[in-house]
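**Student:** Take this structure, written in structure tokens, and hold onto it; I'll ask about it next.
The values are calculated or read from the model by the stated rules, or taken from the named source; none is laboratory data. Because the structure is a prediction, the values reported are computed rather than measured. Note that each Cβ is placed from the backbone with ideal geometry, even for glycine, and that neighbours are counted across all protein chains shown. Protein only, heavy atoms only, side chains kept; ligands, DNA and RNA dropped before computing areas. Shrake-Rupley method; radii C 1.70, N 1.55, O 1.52, S 1.80 Å.
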Amino acid sequence: MVLWLVISMKHNLYSMFAASPTSGSGLGFSPRNIGTLLVLWLLLLVLLLGRTVGNALSATSLNLFVANIAPSAATLGVFNGIQQLCTTFIRIIGLVLSGTLWGWSIKHSLVYPFNSHLAWVVCGLVTATAWRLSLRLPDSVNIYLPGKNQRNRR
């Protein structure tokens, strides 16, 4: 996980180093700005760590839900394939719509929440809606049934 964090942050670090003038000390950062930059990068690292852990936990939970609803071991592969297909489709749609929404919101000079914050507001609303809908899942999806374990599925 640490390696993934370093790899995902490397482009940001490269751009920070490339944009700083080298006429000053070290990489060109003035001594008064080094503390602020370190705090910002530490906060970014903490947020990135939270995102990574959240992604791992949500993917695992989704896989467990799919495994719980598969009626037999023979159909488990089909259910996992459909789950991967739906996940990928939603990621594609999310990227296209959020990019379009972001472009529209910065192109027009409107008041909050329709200014450059619109993409973030919509993302928050989608997240809150998904959370509310997840509370309505039946308990049977989250309960391990001894009669439905992998060995007994046929």
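**Student:** Yes or no: Leu85 within 30 Å of Leu137 (Cα to Cα), exposed (fewer than 11 other Cβ atoms within 10 Å of the Cβ) and within 13 Å of the chain's Cα centre (by Cα)?
**Tutor:** no
**Student:** Looking at the structure I just gave you, is Ser105 within 22 Å of Arg51 (Cβ to Cβ) and in a helix (DSSP H, G or I)?
**Tutor:** no
**Student:** Do we have any residue at all in segment 99-106 that's within 27 Å of Phe65 (Cα to Cα) and surrounded by 11 or more Cβ atoms within 10 Å (Cβ to Cβ)?
**Tutor:** Within segment 99-106, none of the residues are within 27 Å of Phe65 (Cα to Cα) and surrounded by 11 or more Cβ atoms within 10 Å (Cβ to Cβ).
Table: residues versus (1) farther than 19 Å from Ala130 by Cβ; (2) in contact with a Phe, Trp or Tyr (Cβ under 6 Å, 6 or more places away or on another chain); (3) without any contact (Cβ under 8 Å) to a residue 40 or more places away in the chain.
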position: Leu48; (1), (2), (3): yes, no, no
position: Gly54; (1), (2), (3): no, no, yes
position: Leu57; (1), (2), (3): no, no, yes
position: Ser61; (1), (2), (3): no, no, yes
position: Gly77; (1), (2), (3): yes, no, yes
position: Gly81; (1), (2), (3): yes, no, yes
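**Student:** Anything in segment 49-66 that is more than 19 Å from Thr88 (Cβ to Cβ) and among the small types (Gly, Ala, Ser)? List them, or say none.
**Tutor:** Within segment 49-66, just Gly50 meets the criteria.
**Student:** Still on this structure: Across segment 108-154, what is the total count of residues that are at pLDDT 85 or above and surrounded by fewer than 11 Cβ atoms within 10 Å (Cβ to Cβ)?
**Tutor:** 9
**Student:** Looking only at segment 53-82, how many residues end up being assigned to a loop (DSSP other than H, G, I, E, B) and open to solvent by 70 Å² or more (accessible area, probe 1.4 Å)?
**Tutor:** Adding up the residues that qualify gives 1.
**Student:** Restricting attention to segment 89-98, and to residues there that are β-branched (Val, Ile, Thr) and within 15 Å of the chain's Cα centre (by Cα), which single residue is most open to solvent (accessible area, probe 1.4 Å)?
**Tutor:** Out of the qualifying residues, it is Ile90.
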